[in-house]
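Structure first, commentary second.
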Amino acid sequence: MAFELPALPYEKNALEPHISQETLEYHYGKHHNTYVTKLNGLIEGTDNANKSLEDIIKSASGPLFNNAAQVWNHTFYWHCLSPNGGGEPTGAAKEAIEKAFGSFEDFKKEFNDKAANNFGSGWTWLVKKADGSVGIVN
């Protein structure tokens with residue numbers, strides 16, 4: 001089963017002025033697509049050819065893991081963005097962020113600092129931990 005570049009959930013110009021159509025065409029159409037293409041080359045004719053993306057990530061290492069994980073990361077990233085998104089969180093997300101960081105502004109400052117100082121790809125996530133609290137990982 002070959003993987004395909006998943007469709008974006010919005011038009012390529014929908015995130016302007018924050019992310020330009022040109023940036024999206026490059027990062028999605030070339031960069032993300034390269035991970036998909038490399039992943040397909042790595043799984044062709046192997047036991048991994050019939051596995052789901054998540055199962056490959058769980059069992060792989062080296063270049064196979066790297067490409068599969070980047071396909072997943074990028075797909076997740078595109079779906080985290082929205083032309084109508086932004087603003088402060090509400091409800092349980094807001095409460096968890098304020099409990100962990102003091103305020104949404106303090107969270108943004110720490111998140112941006114960790115992302116900007118993350119060597120390499122810059123992937124940085126707000127995650128929910130097993131105990132229900134939230135943290136920043138990269």
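Some notes on this structure:
- Cα gyration tensor category, rounded, prolate or oblate, for segment 62-104 with a/c compared to 1.5: oblate
- Note on Leu5 and Phe119: with the Förster distance fixed at 22 Å, the Cβ-Cβ geometry gives a FRET efficiency of about 0.20.
- The chain - charge dipole about Cα centre, Lys and Arg +1 at Cβ, Asp and Glu -1, debye rounded to 20: 240
- Of Asn48, Asn73, Asn84, the one that fluctuates the most in a GNM where the chain has Cα springs shorter than 10 Å: Asn84
- Candidate residues Ile97, Ile57: accessible-area rank, largest first, probe 1.4 Å: Ile57, Ile97
- As a fraction of the 1.4 Å probe accessible area of segment 5-112, surface on carbon and sulfur atoms comes out at 50 percent.
- Taking the centroid of alpha carbons for each part, segment 13-47 and segment 94-117 are 29 Å apart.
- Given charges at beta-carbon only (K, R positive; D, E negative), |dipole| of segment 19-59 in Debye: 80
- Rounded to the nearest 20 debye, the dipole size of segment 17-98 about its Cα centre is 200 debye, using +1 on the Cβ of Lys and Arg and -1 on the Cβ of Asp and Glu.
- With DNA, RNA and ligands ignored, accessible area of Glu110 (1.4 Å probe; Å², nearest 10): 70
- Cα shape, segment 3-68, gyration tensor, a/c 1.5 rule: prolate
- Only lysines eight or more places from Lys12 in sequence, or on another chain, were considered; those with a Cα closer than 24 Å are Lys30, Lys38.
- Exposure rank, largest accessible area first [Thr124, Thr23; 1.4 Å]: Thr23, Thr124
- Global geometry of segment 99-138, whether rounded, prolate or oblate, following the gyration tensor of its Cα atoms and the 1.5 cut on a/c: oblate
- Residues Phe101, Phe65 ordered from highest to lowest accessible area at a 1.4 Å probe: Phe65, Phe101.
The values are calculated or read from the model by the stated rules, or taken from the named source; none is laboratory data. Remember, it's a predicted structure, so these values are computed and weren't measured experimentally. Cβ: placed from backbone, ideal geometry, glycine included. Neighbour counts: every protein chain shown. We work out accessible area using only protein heavy atoms, side chains counted, and drop any ligands, DNA or RNA first. Shrake-Rupley method; radii C 1.70, N 1.55, O 1.52, S 1.80 Å.
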